[in-house]
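Written below as structure tokens is the structure these notes are about.
The values are calculated or read from the model by the stated rules, or taken from the named source; none is laboratory data. In this text, all values refer to a predicted model and were calculated from it rather than measured experimentally. So basically every Cβ, Gly included, is an ideal-geometry build from the backbone, and we count neighbours across all protein chains shown. In case anyone asks, the SASA skips ligands and DNA or RNA and just uses the protein heavy atoms, side chains included. Shrake-Rupley method; radii C 1.70, N 1.55, O 1.52, S 1.80 Å.
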Amino acid sequence: MIQRHIVLMNIQDAREQLEAIEQSLLDPDYEEGELKIDLEHAYHHLNYAWNIRNEPDAALDSHSDQDFARWSKYPSGEIEEYQ
């Protein structure tokens, strides 16, 4: 795992987002649309942590919008390999 520090930062961000969701769910005015957005944010960080873990530093330094989008997607094919 090359990008351990980026994985760690994204896991921390995902945890913070999930903790915020826990608090928000205590508010009766918290809407399903807000939950969707908040969960998408948490998923982004988890997906990013997984997908970027072995990217070389050069790829991070010169990444494109397409790279960022790819790193943010759910890694369904890779995850299925572990089942």
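On the stretch given as the stretch 33-83, residues that are farther than 17 Å from M9 by Cα, outside any helix (DSSP H, G or I) and under 14 Å from the mean Cα position of the chain (by Cα) total 3. Whenever a residue of the stretch 15-30 is surrounded by 14 or more Cβ atoms within 10 Å (Cβ to Cβ), its partners that are at pLDDT 95 or above and of a type in the set (F, W, Y), lying with C-beta atoms within less than 8 angstrom and at least six residues away or across chains, give the pairs S24/Y30.
Being of a type in the set (D, E), at pLDDT 95 or above, out of contact with any His (no Cβ under 7 Å at 6 or more places or on another chain) and farther than 18 Å from F68 by Cβ is the requirement here; does E16 meet it? Answer is yes for this residue. Confirm whether L35 is open to solvent by less than 90 Å² (accessible area, probe 1.4 Å), among the hydrophobic types (A, V, I, L, M, F, W, C) and farther than 25 Å from E78 by Cβ. The answer is yes for L35. Criterion first (without any contact (Cβ under 8 Å) to a residue 60 or more places away in the chain and loosely packed, with under 15 Cβ neighbours inside 10 Å) does L60 satisfy it? Judged against the criteria, L60 is a match.
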